[in-house]
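**Q** Before I ask anything, here is the structure I am working with.
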Amino acid sequence: DKIKEHQAAGTGKPFVSFEYFPPRTETGVTNLYARWERMAKQLPLYADVTWGAGGTTSDLTLDMCIKGRQTYGMEMNMHL
């Protein structure tokens, strides 16, 4: 729906979206969150997190999506 809404607006501007794999370590998670602050300034149409990728837990995927929405204001999505 977000893409359709963007296209219907007729601005002709491209949109940005981000896709993330949950990091395997706590340090990786911390580093990713530090980058999200800068990346959110690009005003992505949405950000996507792979559900339980690379042996990570699905809990981390959910936590990342919650933080992305609540802390950085990004529209978050999860996929398999």
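**Q** Could we say that Val16 is touching a Leu at 6+ places or on another chain (Cβ under 7 Å) and of a type in the set (Val, Ile, Thr) here?
**A** The answer is yes for Val16.
**Q** Looking only at the stretch 8-26, count every residue that is polar (S, T, N, Q) and closer than 20 Å to Leu62 by Cβ and tell me the total.
**A** Selection size over the stretch 8-26: 2.
**Q** Further, regarding this structure: Identify all residues within the stretch 17-33 that are of a type in the set (Asp, Glu) and in contact with a Ser or Thr (Cβ under 9 Å, 6 or more places away or on another chain); write none if there are none.
**A** Selection gives Glu19 alone.
**Q** A further question on this structure: Which residues, counting only those in the stretch 66-80, are part of a strand (DSSP E or B) and open to solvent by 50 Å² or more (accessible area, probe 1.4 Å)?
**A** Asn77, Met78, His79 - these are the residues of the stretch 66-80 that are part of a strand (DSSP E or B) and open to solvent by 50 Å² or more (accessible area, probe 1.4 Å).
**Q** Within the stretch 44-65, take every residue that is open to solvent by 40 Å² or more (accessible area, probe 1.4 Å) and within 12 Å of Glu19 (Cα to Cα) and give me the one that is modelled with the lowest pLDDT.
**A** Trp51
**Q** So which residues in the stretch 10-22 are small (Gly, Ala, Ser) and surrounded by 10 or more Cβ atoms within 10 Å (Cβ to Cβ)?
**A** Matches in the stretch 10-22: Ser17 only.
**Q** If you don't mind, there's one more thing I want to ask. So for the stretch 24-32 (the condition being part of a strand (DSSP E or B), closer than 22 Å to Leu80 by Cβ and not basic (Lys, Arg)), does at least one residue qualify?
**A** no
**Q** Oh, and also: What residue, among those in the stretch 23-43 that are open to solvent by 20 Å² or more (accessible area, probe 1.4 Å) and touching a strand residue (DSSP E or B) at 6+ places or on another chain (Cβ under 9 Å), is nearest to His6 (Cα to Cα)?
**A** Going through the qualifying residues, I end up with Gln42.
The values are calculated or read from the model by the stated rules, or taken from the named source; none is laboratory data. Note that the structure is predicted; figures quoted are calculated from it, not measured. Counting neighbours? That spans all protein chains shown, and the Cβs are built from the backbone with ideal geometry, glycine included. Just the protein is used for accessible areas: all its heavy atoms, side chains included, with ligands, DNA and RNA removed. Shrake-Rupley method; radii C 1.70, N 1.55, O 1.52, S 1.80 Å.
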